[in-house]
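Quick notes on the structure that follows.
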Amino acid sequence: MRWLVVILICAVNIVLAENGTGTDAVLEPFDYYSMPALSELDDFDLCLRKPNSLYCIVDFELLEDDTPLYEYIKNFSTLSYKNYKHTKLHRGVCGSEHCGLNHTHANASEATTKSLKECFNRTIHQGYGLQVDTLSVRYCKTQNDHIPVDALDYIIGAILLLLLFVNLGCSAYYFLWPPDDGEGNRFMLAFCVQKNWKALKHGGSAEGGLFKCFQAMRFYTMVMILGLHSMIFIGYGYTENPEFIEKSYDEFFKSLLFNARVIVQIFFVMGGFLMAYKMMVYAETHQFTLKTVPMAIVNRWFRLMPAVLVVMGLAMTWVPHLGSGPMWDAVVKRERDICRSNWWQLVILMPNLFPFEHLCLPQAWYLGTDTQLFFITLIVLLIIWKWPKTGVPILSSVMVISLIIPFLQSYFMNLLPIRVSIFPESIRDIFGYNDTFYHAYVSAQGNWAGYHLGVLTAWFYHKAQTKKWDLGESWLLKLMCLVSIPVALGTVLMGWDLHDREASAFEAAVFNTLNQNFFALAICVFIIGYFYKCNKVYVNAVEWGPLQPLGRMSYCAMLLHATVLRTYGGQMRRSFYATDYTAGESARFSEDQDDIQNIFRILLVKSSDFFTFNVRGQVAPFAPPYLTSLKINGEEFCNRPNLLWESNPRALDPDSWDAAKCANRP
């Protein structure tokens, strides 16, 4: 009996062992690192050290088959909201070393494509048992490949040198022969470094406190935008560990950056508020007619365009000559070519109406959106001013319309929730063919509600001033101000799980309608609370001195930082390993361009005020928002700068401001 038991036990063990062996033979364990690398770059300089060498940037798709590894790759790529498409691989290959090519293949002909496909088909099959289906060659580089200097380069360079010499000449004249009366020629002062540097550093001390918070809000917004764009930079680049981006959607702080686009609503709220408030103030003492509309648009163009033209001019001429690298043509030369063909889209301030992947300075999409909303709001305010009793109905109707349009658009076009519109493969495509990004993210209708909330805030605040409401002691306003920041932060967390599931069309429409506008509403409450000093902590957080000049540089930082990131990424010689440190380092690298931004601000942005200060009073309300408190001949003007604009334009010199009596006024 004992022998029978022993025999049965041995038989069972043998059967189990055989079954286990069979299972292991059929099921091979795969993990992330079993897949071919998503992107790789061979060493650029090492490859091109020989005269006949060739370096190519290629993209190729894997051939679909029934192998277990391909099935694993396909299933992993299915969750596209946070994973790359790992069936599409990207390579920078030394064709002369690995694929038997030479400089004669630099034209990326059909023969070059065929040779590279055979080369990669061989290596991919040997390493992973997979095959290449299709392959496309972006471009190939040789040792002597460079961008020649042309006539446009010389023309733009001469204009920029002339601008530099004008600034240096006016600054030297002001230094050597300072005016006795402290005023001087206003045409020269517009290009004087000393005066503009002083306005950049100390302008906030004379602002009476009314719009001081806006500079700090601009700075905080730009910090978040730089963080987001740094993550996009890593997502587009040839990283050795793309899982850094893919896992970022599950990590708390990094996922906040991918929803940082709601932070842009701060710009729209401020834009709507300043435009509406100054227009209402202006209309109290001037005629507000249809003639005001084109004058306001012309004035806006002159204020925005100098810095845009300089950054665009550099991007299309001299920046491409500053370096080289495997990705230089893909990010730097590409921007040069696009700007040379599509520059006019920025000049007319309508870039957001065109395909995003073909925009010159795509980070400037905001200017187009804001300009369109500026024009719409001008018409609305003109109607309200002509027929005051229609104010509440019209403003309310516009608010409802601005919410209904994005809801219907999102629902019937089946758009994604905006939060997931920045997914890895879309970053790879520079947001091309991304309907959600184009129709909801950068469009005027997608941001209309936030802008209009700023207009409503200005209308409410102007009415409170006119009626002399004492809201500073209101406990309700203090409570609303206190919770405004937590509510704003909470809206950034909305849709936390949307990267892990597919939202219905209705859910996406509701999210796209409410998410960013809850944030904008919270910012509006914060602004009103700030005006009435409802919370000392919040007031101190936005009135801290160093934030004022940093906020004034935000416009130049917005225009310039993406070009800096492109040059930084384009010159990288090999694939890089992404970490939290490198993400922060790339953001810091952009922020470290403060010296350049200072120069741009001093030489360009302030000189653009030359055009604003020398037009007739019709355009006065659209002057820079820091004109809030002045004192001339003993008469004080608080929050009504346009009363003295035509009579004494020299009073706009910050040295003549006296805000002492107005500093404590809301």
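Structure summary
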{"read-out": "Test: ALA488 is in a loop (DSSP other than H, G, I, E, B) and crowded, with 17+ Cβ neighbours inside 10 Å", "value": "no"}
{"read-out": "Residues located in region 501-539, provided they are of a type in the set (Gly, Ala, Ser) and either in contact (Cβ under 8 Å) with a residue 12 or more places away in the chain or closer than 19 Å to VAL487 by Cα (or both)", "value": "ALA503, ALA505, ALA508, ALA509, ALA520, ALA522, GLY529"}
{"read-out": "Pairs, first assigned by TED's automatic domain parsing to the domain that holds LEU257 and at positive phi in region 472-499, second part of a helix (DSSP H, G or I) and at pLDDT 90 or above, C-beta under 6 Å, six or more apart", "value": "GLY495/PHE511"}
{"read-out": "Residue match in region 322-333 (condition: among the acidic types (Asp, Glu) and at pLDDT 90 or above)", "value": "yes"}
{"read-out": "Among the residues listed as TYR55, TYR72, TYR84, the single one being of a type in the set (Ser, Thr, Tyr), touching a Pro at 6+ places or on another chain (Cβ under 6 Å) and surrounded by 14 or more Cβ atoms within 10 Å (Cβ to Cβ)", "value": "TYR84"}
{"read-out": "Given (1) in contact (Cβ under 8 Å) with a residue 24 or more places away in the chain; (2) surrounded by fewer than 17 Cβ atoms within 10 Å (Cβ to Cβ); (3) not acidic (Asp, Glu), number of the condition LEU161 does not satisfy", "value": "(1)"}
{"read-out": "Some residue of region 451-467 being polar (S, T, N, Q), more than 21 Å from the chain's Cα centre (by Cα) and farther than 26 Å from TYR220 by Cα", "value": "yes"}
{"read-out": "Filtered residue count, region 428-468, keeping only those that are buried (at least 20 other Cβ atoms within 10 Å of the Cβ), closer than 30 Å to LEU38 by Cβ and small (Gly, Ala, Ser)", "value": "1"}
{"read-out": "Scope region 431-474; condition closer than 22 Å to PHE267 by Cβ and outside any helix (DSSP H, G or I); matching residues", "value": "PHE431, ASN434, VAL442, SER443"}
{"read-out": "Flag if VAL332 is surrounded by fewer than 22 Cβ atoms within 10 Å (Cβ to Cβ), among the aliphatic types (A, V, I, L, M), in the same structural domain as SER554 (by TED's automatic domain parsing) and assigned to a helix (DSSP H, G or I)", "value": "no"}
{"read-out": "Any helices (runs of 4 or more DSSP H) falling wholly within region 190-292 and containing at least 3 residues that are of a type in the set (Gly, Ala, Ser)", "value": "212-236, 265-283"}
{"read-out": "Residue, surrounded by the fewest Cβ atoms within 10 Å (Cβ to Cβ), within region 135-154, restricted to residues that are over 16 Å from LEU54 (Cβ atoms) and among the hydroxyl-bearing types (Ser, Thr, Tyr)", "value": "TYR154"}
{"read-out": "Candidate set from region 491-514 (those that are aliphatic (A, V, I, L, M) and outside any helix (DSSP H, G or I)); member that is farthest from GLU284 (Cα to Cα)", "value": "ALA503"}
{"read-out": "Residue match in region 469-483 (condition: over 21 Å from GLY368 (Cβ atoms), surrounded by fewer than 16 Cβ atoms within 10 Å (Cβ to Cβ), under 31 Å from the mean Cα position of the chain (by Cα) and hydrophobic (A, V, I, L, M, F, W, C))", "value": "yes"}
{"read-out": "Residue list for region 361-403, restricted to those being surrounded by fewer than 18 Cβ atoms within 10 Å (Cβ to Cβ) and polar (S, T, N, Q)", "value": "THR390, SER396, SER397"}
{"read-out": "Qualifying residue in region 517-529 (condition: of a type in the set (Phe, Trp, Tyr), in a helix (DSSP H, G or I), at pLDDT 85 or above and surrounded by fewer than 21 Cβ atoms within 10 Å (Cβ to Cβ))", "value": "yes"}
{"read-out": "MET224 vs. criteria of a type outside the set (Lys, Arg), within 23 Å of TRP448 (Cα to Cα) and at pLDDT 90 or above", "value": "no"}
{"read-out": "Residue that is of a type in the set (Lys, Arg) and more than 16 Å from GLN516 (Cβ to Cβ), where the choices are ARG428, ARG419", "value": "ARG428"}
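Here is a yes/no grid of residues against (1) under 30 Å from TYR33 (Cβ atoms); (2) in the same structural domain as MET312 (by TED's automatic domain parsing); (3) aromatic (Phe, Trp, Tyr):
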residue: CYS94; (1), (2), (3): yes, no, no
residue: HIS98; (1), (2), (3): yes, no, no
residue: HIS103; (1), (2), (3): no, no, no
residue: GLY129; (1), (2), (3): yes, no, no
residue: PRO148; (1), (2), (3): no, no, no
residue: LEU160; (1), (2), (3): no, no, no
residue: TRP177; (1), (2), (3): no, yes, yes
residue: ASP180; (1), (2), (3): no, yes, no
residue: LEU200; (1), (2), (3): no, yes, no
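The values are calculated or read from the model by the stated rules, or taken from the named source; none is laboratory data. Keep in mind it's a predicted model, so treat the numbers as computed, not measured. So basically every Cβ, Gly included, is an ideal-geometry build from the backbone, and we count neighbours across all protein chains shown.
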